[in-house]
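Asker: Just passing along the structure, written as structure tokens.
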Amino acid sequence: MNHLESSFTGKNSFWRYLVMFAAVMIATNTIGGFPLILAFILKSASDPEVISELASDPNNLSVLGLDPNLGLIVMLFPFIVGLGTFALLVNPLNGRSLLMIINGTGTIRWNRFFLSGLVWLILSTGYLFLYLKLDPSNFTLNNTTVTIVILILISITFIPFQAAFEEILFRGYLMQGLAVLIRTRWFPLVMTSVLFGLMHAFNPEVKDFGFFTMMPQYILFGLIFGAITILDDGIEAAMGAHTANNIFLCIMVTHESSALQTAAVYQQHNVYPWTEFASLLVLGMIFIFILKIIFKWENFSPLLSEVVKEKGINHIS
């Protein structure tokens with residue numbers, strides 16, 4: 001095992017994690033938000049009403065004169081800044097490289113990333129096909145023009161940075177830090193999943209459907225990605241699935257409450273959060289089972305005490 005155990009060789013004082021999270025949040029909301037702020041300033045200078053329009057619907061960037069594809073780039077740009085900030089700070093703050101955060105070995109297992117993404121993509125396609133057959137009136141064709149090609153290119157180019165940022169921050173960095181603190185695998189899994197859910201608390205879906213309706217779905221996503229991180233001893237599989245999920249949604253399905261508004265192929269009219277939660281639960285179990293067969297996962301100890309004993313670690317620096 002390498003992923004969680006590797007953190008014991010780094011610097012893990014609580015203040016270091018606070019500084020990292022503060023620095024990443026500041027960078028994403030200042031440098032990362034600059035394109036959006038610039039578009040807002042330029043548009044509001046000629047049309048002051050855009051201020052109230054955007055305040056009533058912050059998710060609708062078309063009021064700034066941005067087409068959906070450009071708006072998607074603007075929404076994803078902060079994640080690139082956040083990932084870059086993290087990569088610059090992780091070694092001086094925690095004594096570990098970015099690659100060590102990924103799986104503790106210093107190398108990336110790209111086969112894990114692509115195979116996991118392919119499996120998730122197949123399952124998602126099957127689910128959408130079944131949904132279209134069972135409830136066709138809930139969907140209408142939204143975009144069959146050449147602009148879908150542009151959307152595909154943008155999604156493939158930018159979504160991996162967004163997914164990698166979230167996986168590195170939660171299933172990589174934070175999961176490793178919590179493993180040092182509690183020295184078990186289950187506590188980091190649960191805590192990072194809850195925190196991952198809370199990070200999405202300001203998504204438009206939460207506003208439309210309610211906090212306690214949407215949180216279980218976000219937390220379940222965190223549990224699925226966290227489980228395969230522990231089972232696969234690294235975050236490549238989680239990054240692949242997360243990337244495939246977001247690319248698929250950006251290209252194939254959109255609805256009024258989507259966090260990322262795109263000119264997707266289908267427009268979904270009604271969203272049933274608890275039905276989607278149940279579907280995600282089933283798909284998640286199937287997904288984990290398939291990956292277990294592909295990657296031949298073996299059993300693992302839920303405790304890290306043996307690693308601590310072997311390394312003779314008695315303090316956190």
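Asker: If a/c stays under 1.5 just call it rounded; otherwise compare a/b with b/c (prolate if a/b is bigger, oblate if not). Do that for segment 109-192, with a ≥ b ≥ c from the square roots of the Cα gyration tensor eigenvalues.
Answerer: It comes out prolate by the Cα gyration axes.
Asker: For the chain, what class follows from the C-alpha gyration tensor (a ≥ b ≥ c being the square roots of its eigenvalues): rounded when a/c is under 1.5, otherwise prolate if a/b is larger than b/c, else oblate?
Answerer: On the way: a/c = 2.09, a/b = 1.39, b/c = 1.51.
Here the chain falls in the oblate category.
Asker: Something else now. What does the extension gain come out to for LEU99 and ILE37, with contour length at 0.36 nm per residue minus their alpha carbon separation?
Answerer: Extending this stretch completely gives an extra 19.1 nm.
Asker: If you place +1 on the Cβ of every Lys and Arg, -1 on the Cβ of every Asp and Glu, and leave all else neutral, what size is the dipole of the chain about its Cα centre, to the nearest 20 Debye?
Answerer: Dipole about the Cα centre, nearest 20: 1040 debye.
Asker: Take each complete run of DSSP H in the chain, measure how far its Cα atoms stretch along the helix's own axis, and keep only those covering 15 Å or more with mean Kyte-Doolittle hydropathy at least 0.0; list them.
Answerer: Helix filter hits for the chain: 14-30, 34-46, 68-94, 110-134, 147-167, 186-199, 211-232, 236-252, 273-295.
Asker: Now a separate question. Which of PHE196, PHE212, PHE21 moves the most in a Gaussian network model of the chain with Cα springs under 10 Å?
Answerer: PHE212
Asker: Which of PHE34, PHE14 has the fewest other C-beta atoms within 10 Å, and how do the rest follow up to the most?
Answerer: PHE14, PHE34
Asker: Picking from ILE73, ILE294, ILE230, which is most flexible by a Gaussian network model of the chain using Cα springs under 10 Å?
Answerer: In this elastic network of the chain, the residue with the biggest mean-square fluctuation among ILE73, ILE294, ILE230 is ILE294.
Asker: For THR184, enumerate residues with amide H under 5 Å from its amide H, sequence gap 5+ or separate chain, H modeled in the peptide plane.
Answerer: When sequence neighbours closer than 5 places are left aside, the close amide H contacts are LEU304.
Asker: Taking a ≥ b ≥ c as the square roots of the Cα gyration tensor eigenvalues, with a/c under 1.5 meaning rounded and otherwise prolate when a/b beats b/c, else oblate, which class fits segment 218-291?
Answerer: prolate
Asker: Also, quick follow-up: How would you rank ASP232, ASP47, going from fewest to most other Cβ atoms within 10 Å of each one's own Cβ?
Answerer: ASP47, ASP232
Asker: Still on this structure: Pop the C-beta distance of ILE122 and THR213 into the FRET formula with R0 = 25 Å and round what comes out to the nearest 0.05.
Answerer: 0.35
Asker: Per DSSP H run of n ≥ 4, the term is -39500 (n - 2.57); total these for the chain, divide by its residue number, and report the mean residue ellipticity at 222 nm rounded to 500 deg cm²/dmol.
Answerer: -22000 deg cm²/dmol
Bear in mind these aren't lab numbers, they're just calculated from the coordinates by the rules spelled out. In this text, all values refer to a predicted model and were calculated from it rather than measured experimentally. All Cβ positions, even for glycine, are placed from backbone atoms using ideal geometry, and neighbour counts span all protein chains on display.
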